[in-house]
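Read-outs throughout are calculated quantities, based only on the coordinates presented, and are distinct from any laboratory measurement. Given the structure is predicted, the values throughout are model-derived calculations rather than measurements. Glycine gets a Cβ as well: all are built from the backbone with ideal geometry, and neighbour counts include every protein chain shown.
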Amino acid sequence: MTTETLRLSTQQDLDQILAIIAQAQAYLAASGVDQWQDGYPDRAVMLEDIRLARGYVLETDGVVAGIATIVLDGEPSYDVIEDGAWTTPEPYACIHRIAVATSLRGTGVSNRLMQAAEKMIRSKGIVSVRIDTHRDNMAMQRMLARNGYARCGVIYLLKGNERGAQRIALEKTLRP
């Protein structure tokens, strides 16, 4: 029987996390998506997620199958949305830096990662999840649609290497 757990990431997970990120970067490049092609996210970003207790791994039978950053205290890049509107008021959680091990792509791991993240978010009393993705990242857009996320508009990133980059903004209201 498979055991799957969403848990906070630790420094001991870092090599597996960075390997998954490298796999995702290669997948995006092969798909013609100009996202994560400038060295982001890197070791420093992932260490910061660990330090701030917002980096999570979905562990399957002791192996890191997927990763996500879950932010519970807002995202400044989401303060202004164009060509639409958010559907729920604050508070909200946001999920960033989602990636799944290449060997598990197509097995439903991304769906289970999202479901586990949403369950954890709901346990904190938060009923709205916001997320953004690159306009060319069709695989992510399909996964988010499968999981009930609706397009709300467009946001622009405020920090990092991709400062000013446009992203599709999506949101989901969590049901009890």
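Specify the residue with the greatest mean-square fluctuation among Y149, Y27, Y56, computed from a Gaussian network of the chain linking alpha-carbon atoms under 10 Å apart.
Y27
I'd like the FRET efficiency for A145 and R51, computed as 1/(1 + (r/R0)^6) with the beta carbon distance as r and R0 of 35 Å, rounded to 0.05.
Numbers: r = 33 Å, r/R0 = 0.94.
Here the calculated transfer efficiency is 0.60.
Could you work out, for segment 4-173, what percent of all Cα-Cα pairs fall into each 10 Å distance bin, beginning at 0 Å and stopping at the bin that holds the largest distance?
Whole-percent P(r) values from 0 Å outward: 10, 41, 41, 8, 0.
Sort 138-147, 81-90 for me by packing, meaning the mean count of neighbouring Cβ atoms within 10 Å per residue, highest on top.
Values: 138-147: 16.3, 81-90: 12.9.
Highest-to-lowest ranking by the protection proxy: 138-147, 81-90.
Would you kindly state how much longer the chain becomes between T102 and E4 on full extension, computed as 0.36 nm times their sequence separation minus their alpha carbon distance, in nm to one decimal? Let's see the in-between values first.
Values: separation 98, 0.36 × 98 = 35.28 nm, distance 1.72 nm.
Fully extending the segment from T102 to E4 adds 33.6 nm.
Which translational diffusion coefficient, to the nearest whole µm²/s, is obtained for segment 40-127 from the Stokes-Einstein equation, given a Kirkwood hydrodynamic radius over C-alpha pairs, 25 °C and 0.890 mPa s? Don't skip to the end; give the middle numbers.
Values: Rh = 14.4 Å.
Value of D from the Cα-based Kirkwood radius: 171 µm²/s.
Can you list which of the DSSP-assigned H helices in the chain have a Cα extent of 20 Å or more along the long axis and an average Kyte-Doolittle score of at least 0.0?
Values: long enough: 14-30 (24 Å, 1.20); 109-123 (21 Å, -0.34).
The answer, listed by residue number, is 14-30.
Using only DSSP helix segments of four residues or longer, with each worth -39500 (n - 2.57), what per-residue ellipticity at 222 nm results for the chain after dividing by its residue count and rounding to 500?
Values: 4 runs with 50 residues, N = 176.
After summing the helix terms and dividing by residue count, I get -9000 deg cm²/dmol.
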